[in-house]
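Encoded as structure tokens, the structure appears first; notes follow it.
The values are calculated or read from the model by the stated rules, or taken from the named source; none is laboratory data. Computed from a prediction, not measured in an experiment: that's the story for all the values here. Cβ placement follows ideal geometry from the backbone for every residue including glycine, while neighbour counts extend to all protein chains displayed. All accessible areas refer to the heavy atoms of the entire protein, side chains included, with ligands and DNA or RNA removed. Shrake-Rupley method; radii C 1.70, N 1.55, O 1.52, S 1.80 Å.
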Protein chains: 2
Amino acid sequence: MAGVIGVKSLELFLLPLKPLANGIKMTDQLYKNINNKVKISEEDFKEFLSLTKTITVKKNEFFINEGSTAKYIAFINTGVLYSYTINNKGDKHVMQIALENHWISDLFSFLTNEPSLFNVQAIETSEIILLSKENFEKACNTIPAFERFFRLLIQNAYVSSQRRISRIYGNSAEERYLKLIKTHPKIIQSVPQLYIASYLGIKPQSLSRIRKNLYDK
Amino acid sequence: MAGVIGVKSLELFLLPLKPLANGIKMTDQLYKNINNKVKISEEDFKEFLSLTKTITVKKNEFFINEGSTAKYIAFINTGVLYSYTINNKGDKHVMQIALENHWISDLFSFLTNEPSLFNVQAIETSEIILLSKENFEKACNTIPAFERFFRLLIQNAYVSSQRRISRIYGNSAEERYLKLIKTHPKIIQSVPQLYIASYLGIKPQSLSRIRKNLYDK
DNA sequence: TTAATTAGTTAACCTAGGTGAATGTGTAAC
DNA sequence: GTTACACATTCACCTAGGTTAACTAATTAA
């Protein structure tokens, strides 16, 4: 499969996890992210944290490989990851771009243990907090707020994919591009344009042209 | 909102539910549909059935109105329903077409009690089995197999919307049309072409042209 | 530091699908 | 019945985005 050659899978890098330099600040971001959706006590959060491990994914390293089961769900502390499929014609399609303070995984594979349909890869070296399937279930069973949180996460993933279909059908590529950079301005600096183009469903040349038209105006 | 005028909402028709003529056969289909995913005992199924009510939705009647909360999830015994949004430009986009032996609702609204983003309407007079939110929760709490079944239903809805995005990005309208009628041949007889076109993300004229090209070959 | 890749831009040309308008067809309403 | 309206087809023309290819940055590897 094109692109996979020469890049080691994350699995190899999982065990040697190093303690964080700025541990407090980073988990703070995760705490806010969760607390934004469900109210959790600090004790519950600490218990949850003990179930996670924080690792560094190097640029272009794989977090999930298409065909293997997604064993983790990840919260991005710093950095950017993206997920994509390669269809039977050999075209790559970016499905998700996940910036700092967002979650990423192949949720379906993670939940069902079925082989993943996506590759998930780091766009830049990123620090991510991992929750394994096993500990995910532990957290859901022992901390009711987390069960609720993850249910919301899944629901939101579903809704945003529905919204994306509506956007594809109802808006031109230019409109979708403008919407994207308006809601996620950081994406321009941190994500190569060819991935943004793919996410929007167009070719890199077309995105170039669209940008030219926009800035000529 | 265009299309809504003169068509009564389902809510008005909910109470006078009539007993089914061919009750046994119909619930049989539902039993198979559930049992296909999770193994349930006949007693559990009967308990589940007692939580549902079967009604008739007349042609063009609304099952869910955009903006109001989806109070029910429906299993289609006979007939066809479809869901759609109307975006801010006034364009209608068909999001789901649900034939006999399928489930339909606005899952997000149903699960969260948020206002629905979709209209769900009967394409032809249909006989549907309804489960209310209240009884959905009862079923999930008292019958573990049902909790599992509905979790699977939600997961599948999510995956199929992801797959749809891949299909839109990687295939031409003609390819998507061929794929659709191959997997759901019944759709041609029971769904007006303009809805099929909208579901595929193209205009009715374009679908006509595509069909012409196909059958000229 | 340089060679080799990978990413981005531009331009000429092509094509799938959109648009608008005319025409036909089936079916519901009176 | 016939009037009306919603659906389908066809055609001529238009346009957003694809394709190919040449050229220029940027990165990365050696």
Taking the Cα centre of segment A:10-170 as the origin and placing charges on Cβ (Lys, Arg +1; Asp, Glu -1), which of A:ILE165, A:ILE76, A:LEU99 is farthest toward the positive end of the dipole?
-> A:ILE165
Which distance in Å, rounded to a whole number, links the C-alpha centroids of segment A:120-144 and segment A:38-69?
-> 3 Å
Vicinal HN-Hα couplings computed from phi for segment A:179-193 (Karplus, 6.51 cos²θ - 1.76 cosθ + 1.60; Hz; Gly/Pro x) = 4, 5, 6, 6, 7, 10, x, 5, 4, 4, 6, 9, 10, x, 4
When you count, for each residue, the other Cβ atoms within 10 Å and take the mean per peptide, how do A:84-95, A:99-110, A:150-161 rank with the highest first?
-> A:99-110, A:150-161, A:84-95
Tell me the GluC sites (Glu not before Pro) within segment A:110-153 that lie in a loop according to DSSP and have at most 16 other beta-carbon atoms within 10 Å.
-> A:GLU124
Show that you can apply the helix-only estimate: for the protein assembly as shown, add -39,500 (n - 2.57) for every DSSP H stretch of four or more residues, divide by all residues, and state [θ] at 222 nm to the nearest 500.
-> -14000 deg cm²/dmol
From the backbone phi of segment A:39-45, what are the Karplus-calculated ³J(HN,Hα) couplings (6.51 cos²θ - 1.76 cosθ + 1.60, θ = phi - 60°) in whole Hz, Gly and Pro given as x?
-> 7, 10, 6, 5, 5, 4, 5
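Shape call for the protein assembly as shown from the C-alpha gyration tensor, a ≥ b ≥ c root eigenvalues: rounded (a/c under 1.5), prolate (a/b greater than b/c) or oblate?
Working: a/c = 1.93, a/b = 1.27, b/c = 1.52.
Verdict is oblate for the protein assembly as shown.
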Using a label point 7 angstrom from Cα along Cα-to-C-beta, what distances in nm, from shortest up, separate A:LYS32 from the other copies?
-> 5.5
Please state the charge dipole magnitude for segment B:93-143, taken about the Cα centre, from unit charges on C-beta atoms (+1 on K and R, -1 on D and E), reported in debye and rounded to the nearest 20.
-> 140 debye
Mind giving me the nanometre distance, one decimal, between the label points for A:GLU124 and B:GLU147, set 7 Å out from Cα along Cα→Cβ?
-> 4.3 nm
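Per residue of A:150-159, how many C-beta atoms from partner chains lie within 10 Å of its own C-beta, taken as a mean?
Working: counts 0, 4, 2, 0, 5, 7, 2, 3, 10, 10.
Going residue by residue through A:150-159 and averaging, the value is 4.
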How much accessible area is lost when chains A and B come together, counting both sides, with a 1.4 Å probe, in Å² rounded to the nearest 100?
-> 2700 Å²
A:LYS203 versus A:ASP216: modelled label distance in nm, points set 7 Å from Cα along the beta carbon direction = 1.8 nm
Dipole size in debye (nearest 20) for the protein assembly as shown around its Cα centre, Lys and Arg Cβ +1, Asp and Glu Cβ -1?
-> 1460 debye
Provide the percentage of antiparallel DSSP beta bridges, counting only those with both residues in chain B; round to the nearest 5.
-> 95 percent
Mean-square fluctuation maximum in Gaussian network of chain A, Cα pairs under 10 Å, restricted to A:LEU130, A:LEU81, A:LEU51, hits A:LEU51
For A:ASP91, inter-copy label distances in nm, listed shortest first [label point 7 Å out on the Cα-Cβ vector] | 1.8
